[in-house]
Amino acid sequence: MFEEIFENVRKSVPLIHSITNYVAVNDCANMLLACGASPIMADELEDALEITAICGGLNLNLGTLNRRTIPAMFAAGKRAGELGHPVILDPVGAGASALRTDTALRLLQEVKCTVIRGNISEIKTLALGSGTTRGVDADTADRVTGEVPAFVRDLARRTGAIIAVTGAVDLVTDGERAFYIYNGSPMMSTVTGTGCQLSALTAAFVAANPQQPLEASAAAVCAMGLCGEIAHSRLTAQDGNASYCRYIIDAMYRLTPAALEKGARYEVR
Amino acid sequence: MFEEIFENVRKSVPLIHSITNYVAVNDCANMLLACGASPIMADELEDALEITAICGGLNLNLGTLNRRTIPAMFAAGKRAGELGHPVILDPVGAGASALRTDTALRLLQEVKCTVIRGNISEIKTLALGSGTTRGVDADTADRVTGEVPAFVRDLARRTGAIIAVTGAVDLVTDGERAFYIYNGSPMMSTVTGTGCQLSALTAAFVAANPQQPLEASAAAVCAMGLCGEIAHSRLTAQDGNASYCRYIIDAMYRLTPAALEKGARYEVR
Amino acid sequence: MFEEIFENVRKSVPLIHSITNYVAVNDCANMLLACGASPIMADELEDALEITAICGGLNLNLGTLNRRTIPAMFAAGKRAGELGHPVILDPVGAGASALRTDTALRLLQEVKCTVIRGNISEIKTLALGSGTTRGVDADTADRVTGEVPAFVRDLARRTGAIIAVTGAVDLVTDGERAFYIYNGSPMMSTVTGTGCQLSALTAAFVAANPQQPLEASAAAVCAMGLCGEIAHSRLTAQDGNASYCRYIIDAMYRLTPAALEKGARYEVR
């Protein structure tokens with residue numbers, strides 16, 4: 001199944017519009033190119049409106065959120081919704097500041113999000129309206145355990161969005177079915193913006209597979225984790241997190257749909 | 001000829017002011033350093049005005065264009081013109097949105113551009129006032145074929161600028177003479193911002209060779225393409241677009257003027 | 001001594017808030033992760049105020065300074081001061097434009113800075129209120145020689161800040177004691193933002209060692225220089241400044257406190 005999903009990305013070359021933070025933006029663009037998609041960034045209101053219309057998917061990321069680009073996020077999000085484009089929301093740092101929490105909550109009210117991807121602290125903040133996010137990292141008290149947490153299921157049902165909670169084990173659910181994903185490497189957390197890259201990737205996978213957004217989101221999470229594993233196996237004794245960042249993107253560039261199918265490790269419950 | 005042009009860059013260490021997008025900006029800065037120039041970025045109106053005055057060339061790039069930095073582009077462009085500094089315009093995404101198209105067209109009216117570098121869709125948009133740019137990539141229907149397209153020649157004559165159209169074959173012309181350049185690798189399009197890097201590089205080459213902007217622009221295009229070739233030959237089976245991006249800049253760092261002279265593949269018509 | 005200082009960084013994982021330029025920001029984030037700290041970027045006034053409160057240190061960097069983020073710098077700087085967090089000021093390009101010079105001078109008046117790190121031209125500008133900065137690089141007429149320059153000592157005493165002047169030889173002083181640091185490689189100046197990375201690193205080291213900011217600053221400068229040396233020894237004949245940039249961050253990721261202790265080359269006068 002993931003093989004075909006990934007093939008659809010490579011075949012359709014979806015154009016993905018990202019309004020994202022300036023920390024991870026270059027890696028997000030190269031990750032999109034690596035998976036076979038095409039990136040474009042536009043964050044000024046009128047520009048964002050037009051650009052999103054020529055794209056196939058929209059990636060909204062709240063890192064380095066600012067007053068100038070918030071209206072662009074709302075406008076592009078609504079326009080994408082009208083056009084039936086998938087919208088991915090990455091609520092970076094929700095729970096860490098009122099601006100980020102409030103913007104994320106307002107986006108959920110006004111924009112039809114297809115997928116919300118975050119760490120468990122960020123997702124909990126969106127679900128409960130408050131949280132304990134430590135900066136942009138998940139609170140260590142928050143972990144996905146056996147069951148789909150009720151707040152995740154509720155958030156999925158309430159918003160109609162697929163919720164992708166990434167951590168040691170990743171959880172992707174539409175509130176009914178849940179993918180538990182075991183790909184990945186702990187070293188991915190030593191690279192800035194791997195979560196942001198995953199959100200961009202998810203936009204590409206969902207845009208290329210509009211009929212199965214849950215499976216496409218799970219495939220993107222597996223692909224990212226698998227690339228984290230492949231990249232890790234390539235590290236020399238001198239390589240650190242900067243080379244690792246390159247190797248993850250390189251791995252996506254080299255990843256074949258068949259290799260994704262074979263390397264994906266997950267359960268559906 | 002290209003040997004001496006490149007030597008002039010290395011000898012004079014031109015300080016290049018870039019107002020460019022936040023996607024490619026880091027790679028632009030390292031590309032400038034790699035070729036022997038020195039980068040500085042300033043995009044706030046009053047800062048840009050002062051900074052451009054201490055520089056030797058100005059690189060204006062419309063990617064992630066926004067209301068705050070547009071006035072800085074106009075002011076810096078005019079100041080650079082008054083000071084006789086070369087101005088390079090990279091109309092990223094012209095034809096994809098009204099903001100980008102209009103800003104590019106207005107810049108052409110108000111700022112004396114020394115070089116305009118873009119893909120053929122972007123150049124066609126500037127020449128004809130409309131276009132079919134697919135995001136930031138060239139429309140596949142647009143290609144440089146045997147003759148210099150009339151719209152390119154006309155744009156060069158009308159603006160007095162050198163037009164550098166990059167694609168499978170690159171074309172650099174002042175409306176009279178034309179360099180057809182065969183260096184490069186198709187894989188360069190899998191790295192975000194190689195065009196933006198080339199525009200920054202062109203600013204450095206032209207700033208260091210004020211008497212021969214056409215030849216300097218052609219040399220920059222050859223150098224970039226040659227580095228794309230050298231970098232490609234270095235790829236291992238695990239390397240992808242992220243490592244390739246590093247290798248292109250590395251190749252520029254290692255490129256000697258003599259190697260550029262020898263490796264440049266072009267015709268003048 | 002440096003061993004323990006670096007161990008404190010790795011043990012305490014300080015969360016560092018950076019308001020920094022968009023050229024070097026990704027490398028700053030990965031450098032912070034490499035040393036064992038955790039990065040967060042927030043530059044919108046209200047967001048910056050809240051984010052800085054959950055952090056352990058604040059890094060203010062004037063590269064790509066703009067009107068939107070200047071108030072955020074002042075507000076975050078004051079808040080950090082009230083909370084007793086260390087504030088690192090990196091006056092990129094002070095002396096090159098009035099906006100940068102004036103903002104740096106005003107920050108010194110209104111924000112209690114723990115460390116000021118810059119090249120000697122930038123530091124001289126802050127000390128004397130004017131300077132000869134050539135863009136973001138030090139004027140070659142400015143060099144640290146045998147004695148601590150009077151203007152450095154005076155700036156330290158007047159502001160109560162530790163002054164870190166980086167160049168061929170680095171000088172870190174509180175106006176009384178001075179560390180002369182011999183680590184580093186000339187090739188570090190061919191990578192954009194190594195100074196910015198060092199400022200972020202210094203914030204992490206000082207935040208993790210609040211009782212000995214002078215020693216912590218010196219340790220950070222030694223660590224950065226040592227990583228520059230380690231990275232340099234790793235270069236192949238094809239590697240250039242882009243790979244070198246990766247290797248420096250990689251080296252920090254791999255650097256052990258014991259290796260820092262052993263590799264640090266400095267004198268205290």
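The values are calculated or read from the model by the stated rules, or taken from the named source; none is laboratory data. Please read all numbers here as calculations on a predicted model, not as lab measurements. Cβ coordinates were reconstructed from backbone atoms using ideal geometry, including for glycine residues, and neighbour counts include every protein chain displayed.
The table below lists the values:
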item	result
Residue count for the stretch C:225-244, restricted to those that are facing another protein chain (nearest Cβ under 7 Å) and either in contact (Cβ under 8 Å) with a residue 60 or more places away in the chain or not hydroxyl-bearing (S, T, Y) (or both)	6
Selection from the stretch A:250-269 of residues that are within 14 Å of chain C (Cβ to nearest Cβ) and among the aromatic types (F, W, Y)	none
Hits in the stretch C:85-130 (condition: surrounded by fewer than 20 Cβ atoms within 10 Å (Cβ to Cβ) and among the basic types (K, R))	C:R106, C:K112
Residues satisfying the stated conditions in the stretch A:83-111, i.e. within 14 Å of chain C (Cβ to nearest Cβ) and not in a helix (DSSP H, G or I)	A:P91, A:V92, A:G93, A:A94, A:G95, A:A96, A:S97
Candidate set from the stretch B:70-84 (those that are among the small types (G, A, S) and in contact with a Leu (Cβ under 8 Å, 6 or more places away or on another chain)); member that is surrounded by the fewest Cβ atoms within 10 Å (Cβ to Cβ)	B:A75
Any hit, the stretch C:33-51, residues being of a type outside the set (G, A, S), within 11 Å of chain A (Cβ to nearest Cβ), closer than 24 Å to C:C222 by Cβ and in contact with a Leu (Cβ under 8 Å, 6 or more places away or on another chain)	yes
Evaluation of C:Y247 against (1) in contact with a Lys or Arg (Cβ under 8 Å, 6 or more places away or on another chain); (2) among the hydroxyl-bearing types (S, T, Y); (3) away from every other protein chain (no Cβ under 14 Å); (4) farther than 28 Å from C:I54 by Cα (one fails), failing number	(3)
Test: residue in the stretch C:112-130 that is in contact with a strand residue (DSSP E or B) (Cβ under 8 Å, 6 or more places away or on another chain), in a loop (DSSP other than H, G, I, E, B), modelled with pLDDT of 95 or more and not polar (S, T, N, Q)	yes
Search result, residues across the stretch B:56-79 that are in contact (Cβ under 8 Å) with a residue 60 or more places away in the chain and in contact with a strand residue (DSSP E or B) (Cβ under 6 Å, 6 or more places away or on another chain)	B:G56, B:G57, B:L58, B:N59, B:N61
Condition met for C:A24 (within 25 Å of C:C245 (Cα to Cα), more than 10 Å from chain A (Cβ to nearest Cβ) and buried (at least 24 other Cβ atoms within 10 Å of the Cβ))	yes
Segments classed as helices (runs of 4 or more DSSP H), wholly inside the stretch C:151-269, with at least 2 members that are touching a strand residue (DSSP E or B) at 6+ places or on another chain (Cβ under 6 Å) and at pLDDT 95 or above	C:194-207, C:213-233
Residue in the stretch B:250-269 that is farthest from C:G240 (Cα to Cα), counting only those that are hydrophobic (A, V, I, L, M, F, W, C) and touching a Lys or Arg at 6+ places or on another chain (Cβ under 9 Å)	B:V268
Some residue of the stretch B:133-146 being surrounded by fewer than 24 Cβ atoms within 10 Å (Cβ to Cβ) and at pLDDT 95 or above	no
